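The values are calculated or read from the model by the stated rules, or taken from the named source; none is laboratory data. Everything numeric in this text was worked out from a predicted model, so none of it was measured. Backbone-built Cβ (ideal geometry, glycine too); neighbour counts: all protein chains shown. Accessible surface areas use protein heavy atoms only, side chains included; no ligands, DNA or RNA. Shrake-Rupley method; radii C 1.70, N 1.55, O 1.52, S 1.80 Å.
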Amino acid sequence: MLMPPATSSAPDGMAQRPVRLHINGRATTLLVAPWVTLLDLLRDHADLTGTKKGCDHGQCGACTVLLDGKRINSCLTLAVSHDGATITTVEGLAAEDGTLHPLQQAFIDHDAFQCGYCTPGQLCSAMGLVQEGGAETPEQLQELMSGNLCRCGAYPQIVKAVSTVALRPRDRGVA
């Protein structure tokens, strides 16, 4: 289904381009100007406002989403360059029945947010980290999440929350 943008971002006569994406498990096609970022496509054209615009320069991580399973700053990439990609935003982390993802529940259980503005980006970054499997200690986890800023200073709680999921004891084949 081809959906027009919520607001036209191209001047009259400027060609918009269709961008086909799988966003949170749903196939969608949106018409956007060639200079529209993935962040603006998600917020302004797909009405998914969970992903936040923080610095708009790739320095804070508030706009982190998963692109084909990898975490990226959506403010730094043009939507048209990801035609056919799979995008997961914070809205796509919970199950369809509303059951929270274990990371979301861990953030609640550990009070890993204060104002909550950075939380969607923190959650998407943590999900990418869990899928990458690169952290074995809280210190490594902290380093691998360092691209996501929390201006409220909830870092200790964020590390605890992500640790409960990302650093679970793994089956190492020991009997």
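Look through segment 26-82, keep the residues that are among the small types (Gly, Ala, Ser) and touching an Asp or Glu at 6+ places or on another chain (Cβ under 8 Å), and return whichever of them is farthest from Cys118 (Cα to Cα). Let's see the steps before the verdict.
The initial filter retains those residues of segment 26-82 that are among the small types (Gly, Ala, Ser), namely 27, 33, 46, 50, 54, 58, 61-62, 69, 74, 79, 81.
If we keep only those that are touching an Asp or Glu at 6+ places or on another chain (Cβ under 8 Å) too, we end up with 50, 79.
Working: Gly50: 10, Ala79: 22 Å.
Here the answer is Ala79.
Going by the structure shown, is Val130 open to solvent by less than 60 Å² (accessible area, probe 1.4 Å), in a helix (DSSP H, G or I) and without any contact (Cβ under 8 Å) to a residue 40 or more places away in the chain?
On the way: open to solvent by less than 60 Å² (accessible area, probe 1.4 Å): yes; in a helix (DSSP H, G or I): yes; without any contact (Cβ under 8 Å) to a residue 40 or more places away in the chain: yes.
When the stated conditions are applied, Val130 passes them.
Please go through segment 21-68 and pick out each residue that is within 17 Å of Asn148 (Cα to Cα), touching a helix residue (DSSP H, G or I) at 6+ places or on another chain (Cβ under 9 Å) and not hydrophobic (A, V, I, L, M, F, W, C).
Keep residues of segment 21-68 that are within 17 Å of Asn148 (Cα to Cα), which gives 39, 50-67.
Still in the list and also touching a helix residue (DSSP H, G or I) at 6+ places or on another chain (Cβ under 9 Å): 39, 50-58, 60-67.
Result: Gly50, Thr51, Lys52, Lys53, Gly54, Asp56, His57, Gly58, Gly61, Thr64.
Within the group Ala94, Ala62, which residue is over 15 Å from Leu30 (Cβ atoms), among the aliphatic types (A, V, I, L, M) and open to solvent by 20 Å² or more (accessible area, probe 1.4 Å)? I'd like the intermediate steps shown before the answer.
Numbers: Ala62 fails: open to solvent by 20 Å² or more (accessible area, probe 1.4 Å).
Residue meeting the stated conditions: Ala94.
Do you know which residues across segment 69-91 are open to solvent by less than 40 Å² (accessible area, probe 1.4 Å), of a type in the set (A, V, I, L, M, F, W, C) and not in a strand (DSSP E or B)?
Those that are open to solvent by less than 40 Å² (accessible area, probe 1.4 Å), of a type in the set (A, V, I, L, M, F, W, C) and not in a strand (DSSP E or B): Cys75, Ala79, Ala85, Val90.
Any residue in segment 98-116 that's open to solvent by less than 50 Å² (accessible area, probe 1.4 Å) and in a loop (DSSP other than H, G, I, E, B): show its pairings with residues that are modelled with pLDDT of 95 or more and not hydrophobic (A, V, I, L, M, F, W, C) at Cβ separation under 8 Å, as long as the two are six or more apart or on different chains.
Ala112/Thr119; Ala112/Gln122; Ala112/Gln157; Ala112/Lys160
Within segment 28-59, can you find the residues that are buried (at least 19 other Cβ atoms within 10 Å of the Cβ), polar (S, T, N, Q) and either farther than 18 Å from Gly92 by Cβ or at pLDDT below 95 (or both)?
Thr37
Out of (1) open to solvent by 60 Å² or more (accessible area, probe 1.4 Å); (2) touching a residue at least 24 places away in the same chain (Cβ under 8 Å); (3) under 20 Å from His57 (Cβ atoms); (4) assigned to a helix (DSSP H, G or I), what's the single condition that is false for Arg151?
It fails just one condition, (4).
Quick grid of which residues meet (1) in contact with a strand residue (DSSP E or B) (Cβ under 9 Å, 6 or more places away or on another chain); (2) outside any strand (DSSP E or B):
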residue	(1), (2)
Thr29	yes, no
Pro34	yes, yes
Leu39	yes, yes
Leu42	yes, yes
Gly50	no, yes
Gly54	no, yes
Gly61	yes, yes
Leu66	yes, no
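Gly121 - would you say it is surrounded by fewer than 13 Cβ atoms within 10 Å (Cβ to Cβ) and modelled with pLDDT of 95 or more? Steps first, please.
On the way: surrounded by fewer than 13 Cβ atoms within 10 Å (Cβ to Cβ): no; modelled with pLDDT of 95 or more: yes.
Here the answer is no, as Gly121 does not meet what is asked.
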